[in-house]
Each structure stands twice: as structure tokens, then as C-alpha cells.
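The values are calculated or read from the model by the stated rules, or taken from the named source; none is laboratory data. The structure displayed is predicted, hence computed values, not measured ones. Every residue, glycine among them, receives a Cβ derived from its backbone with ideal geometry; neighbour counts consider all protein chains shown.
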Amino acid sequence: MAAVAACHTSLYEPGSLTLLVPPSERQSGEFFKRCRGIFRSLGWPVAARTESALRIELENGSRIVALPGSESTVRGYSAVRLLVLDEAARIPPELITATSRCWQSLEAA
């Protein structure tokens, strides 16, 4: 369901940034594969501008970025429209604190 929400946000909110943050890099890759599968099943309604193993940018300027769950990987992102903390109970408190800064920057914008 979270992958559907990520794809929906990127399609219907041009220029949006979605961060997918599961506890591990392996899970990041799996989660991102689900997003690509959703786009493929929809026939790519918005074309991909750039794509890598853990990131996609659409022609409408939206981005989906899958990050391994560590504080250092989340730092530097701002104005996040959708933040998905997969398996949130397994995410360390310092990562939760780091992701809160993403939301604060959106509220200030």
C-alpha cells in the first residue's frame, strides 16, 4: 500500500519528493521495485526522466528516492511531500529525529 501511495503522490503532485525509508538497503531496493512495477503496470503515465536502482525522477519533476535506514542517508533532503517509514518499529530513534527535519522544512516553505 505504501508503494501505491508513493506512486500516486509522484503522479498527481508534480515536483514532489517522496522518501522511502525502510530499515535496510536490501529492503529499500525491494520497496523501490514495487514502485517501478506499479508504474509499469500503469503504462508509465508520466515518463521517467532518470532512473537508478534506488531513485526515479519523472518528467513532471517528481522524485521517489529509496534510502537505507540510517540517519546519514536522510540528512540533506528537504520539502519532502511523502515520507514512508517502512517497518517503523524497527527504525532507530535517531533516524526518526532526522526525518522530522524533512517535515519541518516543508512546513516552513
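Among the residues of region 90-97, is any surrounded by 14 or more Cβ atoms within 10 Å (Cβ to Cβ), modelled with pLDDT of 80 or more and out of contact with any Pro (no Cβ under 6 Å at 6 or more places or on another chain)?
no
For region 70-89, give me each residue that is modelled with pLDDT of 80 or more and part of a loop (DSSP other than H, G, I, E, B).
Ala79, Val80, Arg81
Could you pull out the residue among Ser52, Ser10 that is crowded, with 19+ Cβ neighbours inside 10 Å and out of contact with any Gly (no Cβ under 8 Å at 6 or more places or on another chain)?
Just a single option satisfies the conditions, and that option is Ser10.
Residues Gly43, Gly61: which one is over 14 Å from the mean Cα position of the chain (by Cα), in a loop (DSSP other than H, G, I, E, B) and modelled with pLDDT of 85 or more?
Of Gly43, Gly61, the one residue that is over 14 Å from the mean Cα position of the chain (by Cα), in a loop (DSSP other than H, G, I, E, B) and modelled with pLDDT of 85 or more is Gly43.
Pick from region 5-40 the residues that are of a type in the set (D, E, K, R), assigned to a helix (DSSP H, G or I) and touching a residue at least 24 places away in the same chain (Cβ under 8 Å): which of them is nearest to Pro93 (Cα to Cα)?
That would be Glu25.
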